[in-house]
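Trainee: Have a look at this one.
The values are calculated or read from the model by the stated rules, or taken from the named source; none is laboratory data. The structure presented is a predicted model; accordingly, all values stated were derived computationally and were not measured. Using ideal geometry, Cβ is built from the backbone for each residue, glycine included, and neighbour counts are taken over all protein chains shown.
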Amino acid sequence: MRTRIILFVAALLACWAPAVRAQQATGQQPAEQTPTVNPWSITLANWLDAGARGTNISGDEARFDRFRDTRSGPFLDRFRFQDSTGPGIFSLALDNIGYRDQRYFGRFEVPGRVRFSAEWNQVPTFWSISTRSAYTGVGTSTQTLPSGFAAAVQASPSSLASLYAPLAQANPFDTRSRRDTFTLNFLYTPTTNLGINFNLSSTRRNGNQPWVMSFGFGQSVEVASPVDTRTTDLSTGAEWATDRGMLRVNYDGSWFKDSQQTLTVDNPLRATDSTAGSSRGRMALWPSNNAHTVTGAGAIRLPGRSRLTANLAIGTWRQDQPLLPPTVNSALDAATPPRATAKADIRRVAANVVFTTRPANFLGVTARYRLHDFKDESPEQAIPLIFQYDQGLPTSDTPPIFSHRYNGLDVEATITSLQFLSLSGGYRLRRADRTERVFGITTDNAVYASVDSVSMGIVSLHGIFEHARRRGSDYDPTVLTGAGEYPGLRRCDIADRDRNRVTAMLQVMPTSSVAISGSITAAKDDFPNNQFGAADAFGLQNRTAQGYAIFFDATPRDTVTVGAGYGYQIYSSLQRSRQVSAAPPTPQQQDPSRDWTLSEDEKVHYVSANLELAHLFPKTAVRFTYDYNRAESPYTYTLAASSVLTPPSQLPPVLSGWHTATIDVRYFLRHNLAAGFTYWYDRYTVSDYAMGAQIEDQPAIPGIILLGYGYRPYTVNSVWARLLYIF
């Protein structure tokens, strides 16, 4: 496939070669000379970059090629062509032709009248090369174990690991998927004031990905779930604009189809169905659905150097797929679902209004209001029969209807009359009304101030400070107690919070060719302990983030560029919990001697350096880049002073490191032809107590069957030989 496409593009270039030679013969191309184009960022209309590469990957190939394809072989990495000799402008762009991450783009444009473009874009997702499973039907909607396996494990549960491991090791496979997107865009402007747009895209995602099925608290199974979806998006509308204002109407539709909407997996612990459990498990995957939105927007220029802009969007999300029966267990008398299909119906309203004014030359004011209303209009329906984990312990429930309304207000003023500085200050309000949450209402108030340099010569400055306070009201403890949680448990996205955050950036340019820049950031969130009216509050207590960076860039000569930098970041958090071994209500819930905390202190160091020598030597350009990143994440468990709990075994810190270096050399054989050589070194190291390479050696451990997907190190050496041709 790759060879055929490369030959096709080569034939296309051959068709254009006579025209190029004719231009040279008539003097339209300059004679042999030293190139003047930037060898690293080509901005000319017509050029190509082709060659061959050899890539050696030792270790986790999937992590290195997670969203790309760098396999060894010939390549046409870039092809750019533009022709403006006709009534319009035609352009073509091809990237990484024939590989999994290839892209094709074409556009035809008559300036000021019509523009049409089409694109084909592939994005791979490579999860793992080391996954393996004893299940047959990997990556399909039904996955089964070999005959007799579950019966042997049911007779001797301790034999699960020894029976599963050899079967899994004998069935390795790649876990990967790919997203293919085809897009059409059309813009027509019949008059200078009117524009009509039409955009259509179709995206297919196909393959498999890691997935977990649970058979109760006793066993979970990792499998490769199927991925076979298509999303079609349509957008069309018209816009009318003049010097005084603008009016736009648009329709957006989206249709999602999943060809695999259920996943059924054998239970490794049970061979036959009974009221104590099922021999299989079944769960729903993503349901097919659709969404429709109509948007109106407008802008008008007002007196007093003011402008008002507003848009309103009204939409629906709908999903009406068949509901699954309450259980897959044939030993249970499963009634039919209360209704045949989901009848899910979400109504959305979104609005955004922006008012800007400049009442004086030194003063600018901006006010913005946002609204997002998400309302679930699905019919409320009691479910009379629920089998938890497909066991004979039926319950009933009425699923909650989740809705929320979000309101936001921002007001900002900027003063620019100071000699060297501009000052800004503002107020921000966020209010959210939610159903079925601990707080029915949360309100977040924030004030901020910033300073920017205007004309300070060699020094540029930017700084901002923000203080925010979030509080909740309409507290409903039954949301927690109904789920068996402690009434003081925080949900960090809505819990009371005090936040302070500061950012400062400074750049100094002692000469026009030297720049030194630095930045400092610090943020802290505190979660008060006296919320909920409870004596104790559990969950996230506080979190902090700090960082600084310094970078140096210099261009001592037109042909030399050098840069280097170092950065450091630290993230810390403290969480608090109370261990309760009995079902609530229990006296243990009120016993502080059962408290424990978890603290995290993640530290990240990163270094970067680059050197470019453009034509320092005759017809030769050299570039070197280097990046280094190291992260350490220790976790520390602490018990109360008078704890009755068993002291915990501390976990080892999670460590990761990443090094990458490249050397690029390009030699111009002619003014429009260069030979290139690239060496790319990439190394990733990791030590993770939960997702490290050790999981490959343990396909099955007590409580879980593993697929083998984890965090593994790799070392990559890649060599590229290329030709850059400008035509």
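Trainee: Show the residue pairs that are 6+ apart or on different chains and have beta-carbon atoms under 7 Å apart, the first residue being within the stretch 42-69 and closer than 15 Å to residue 724 by Cβ, the second being assigned to a loop (DSSP other than H, G, I, E, B) and at pLDDT below 95.
Mentor: Cβ pairs passing all conditions: 44/37; 46/727; 47/727.
Trainee: Can you go through 627, 664 and tell me which one is under 30 Å from residue 127 (Cβ atoms) and among the charged types (D, E, K, R)?
Mentor: Going through 627, 664 in turn, just one is under 30 Å from residue 127 (Cβ atoms) and among the charged types (D, E, K, R): 627.
Trainee: Filter the stretch 324-374 for residues that are surrounded by fewer than 16 Cβ atoms within 10 Å (Cβ to Cβ), within 30 Å of residue 275 (Cα to Cα) and among the polar types (S, T, N, Q) and give the result.
Mentor: 330, 336, 341
Trainee: Moving on. Please tell me if residue 716 is touching a residue at least 24 places away in the same chain (Cβ under 8 Å), more than 29 Å from residue 136 (Cα to Cα) and either over 23 Å from the mean Cα position of the chain (by Cα) or loosely packed, with under 14 Cβ neighbours inside 10 Å (or both).
Mentor: yes
Trainee: Go through the stretch 180-205 and give me each residue that's β-branched (Val, Ile, Thr) and assigned to a strand (DSSP E or B).
Mentor: Across the stretch 180-205, the qualifying residues are 181, 183, 189, 191, 196, 203.
Trainee: Moving on. Which condition breaks for residue 165 when tested against (1) of a type in the set (Gly, Ala, Ser); (2) buried (at least 16 other Cβ atoms within 10 Å of the Cβ); (3) under 29 Å from residue 250 (Cα atoms); (4) modelled with pLDDT under 95?
Mentor: Condition (3) is where residue 165 drops out.
Trainee: Run residue 678 past the list (1) in contact with a helix residue (DSSP H, G or I) (Cβ under 9 Å, 6 or more places away or on another chain); (2) surrounded by fewer than 19 Cβ atoms within 10 Å (Cβ to Cβ); (3) closer than 25 Å to residue 624 by Cβ and report the number of the one that doesn't hold.
Mentor: (1)
Trainee: Any residue at all in the stretch 21-34 that's surrounded by 14 or more Cβ atoms within 10 Å (Cβ to Cβ) and modelled with pLDDT under 55?
Mentor: yes
Trainee: Look through the stretch 396-424, keep the residues that are surrounded by 16 or more Cβ atoms within 10 Å (Cβ to Cβ) and among the small types (Gly, Ala, Ser), and return whichever of them is farthest from the chain's Cα centre (by Cα).
Mentor: Filtering the stretch 396-424 for residues that are surrounded by 16 or more Cβ atoms within 10 Å (Cβ to Cβ) and among the small types (Gly, Ala, Ser), the one farthest from the chain's Cα centre (by Cα) comes out as 422.
Trainee: Within the stretch 141-171, how many residues are in contact with a strand residue (DSSP E or B) (Cβ under 7 Å, 6 or more places away or on another chain), of a type outside the set (A, V, I, L, M) and not in a loop (DSSP other than H, G, I, E, B)?
Mentor: 5
Trainee: Now for a separate question. Within the stretch 602-621, take every residue that is modelled with pLDDT under 95 and part of a strand (DSSP E or B) and give me the one that is surrounded by the most Cβ atoms within 10 Å (Cβ to Cβ).
Mentor: Restricting to residues being modelled with pLDDT under 95 and part of a strand (DSSP E or B), the top hit is 621.
Trainee: Sticking with this one: Considering the stretch 437-454 alone, what residues qualify as being outside any strand (DSSP E or B) and more than 14 Å from residue 493 (Cβ to Cβ)?
Mentor: 454
Trainee: If you don't mind, there's one more thing I want to ask. Please specify each residue of the stretch 273-318 satisfying the condition of being touching a Ser or Thr at 6+ places or on another chain (Cβ under 9 Å), touching a residue at least 40 places away in the same chain (Cβ under 8 Å) and β-branched (Val, Ile, Thr).
Mentor: 293, 300, 309
Trainee: Which condition does residue 417 not pass, out of (1) small (Gly, Ala, Ser); (2) in contact with a Gly (Cβ under 7 Å, 6 or more places away or on another chain); (3) over 30 Å from residue 373 (Cβ atoms), if it passes all the others?
Mentor: Result: residue 417 passes all but (2).
Trainee: Separate question: The conditions are (1) within 23 Å of residue 482 (Cα to Cα); (2) within 30 Å of the chain's Cα centre (by Cα), and residue 371 fails exactly one of them. Which is it?
Mentor: Result: residue 371 passes all but (1).
Trainee: Name every residue in the stretch 248-269 that is farther than 29 Å from residue 136 by Cβ and either touching a residue at least 40 places away in the same chain (Cβ under 8 Å) or of a type in the set (D, E, K, R) (or both), in order of residue number.
Mentor: 248, 249, 250, 251, 252, 253
Trainee: Just wondering, is there one or more residues in the stretch 291-302 that are closer than 24 Å to residue 253 by Cβ, surrounded by fewer than 15 Cβ atoms within 10 Å (Cβ to Cβ) and either among the β-branched types (Val, Ile, Thr) or modelled with pLDDT under 95 (or both)?
Mentor: no
Trainee: For residue 325, indicate whether it is part of a loop (DSSP other than H, G, I, E, B) and closer than 22 Å to residue 258 by Cα.
Mentor: So residue 325 fits the description; yes.
Trainee: List pairs: first residue in the stretch 431-443 and over 9 Å from residue 474 (Cβ atoms), second residue among the hydroxyl-bearing types (Ser, Thr, Tyr) and part of a loop (DSSP other than H, G, I, E, B) anywhere in the structure, Cβ distance under 6 angstrom, at least six positions apart or on different chains.
Mentor: Pairs found: 435/403.
Trainee: Still on this structure, please answer the following. Assuming residue 651 fulfils every condition listed in (1) under 20 Å from residue 570 (Cβ atoms); (2) in a strand (DSSP E or B) apart from one, which condition is it?
Mentor: (2)
Trainee: Restricting attention to the stretch 425-447, and to residues there that are of a type outside the set (D, E, K, R) and surrounded by fewer than 17 Cβ atoms within 10 Å (Cβ to Cβ), which single residue is modelled with the lowest pLDDT?
Mentor: The extreme case among them is 435.
So that you can scan it fast, the table gives a plain yes or no per residue for (1) surrounded by fewer than 17 Cβ atoms within 10 Å (Cβ to Cβ); (2) touching a helix residue (DSSP H, G or I) at 6+ places or on another chain (Cβ under 6 Å); (3) modelled with pLDDT under 95; (4) not in a loop (DSSP other than H, G, I, E, B):
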residue: 48; (1), (2), (3), (4): no, no, yes, yes
residue: 52; (1), (2), (3), (4): yes, no, no, yes
residue: 55; (1), (2), (3), (4): no, no, no, yes
residue: 68; (1), (2), (3), (4): yes, no, no, no
residue: 86; (1), (2), (3), (4): yes, no, yes, no
residue: 99; (1), (2), (3), (4): no, no, no, no
residue: 115; (1), (2), (3), (4): no, no, no, yes
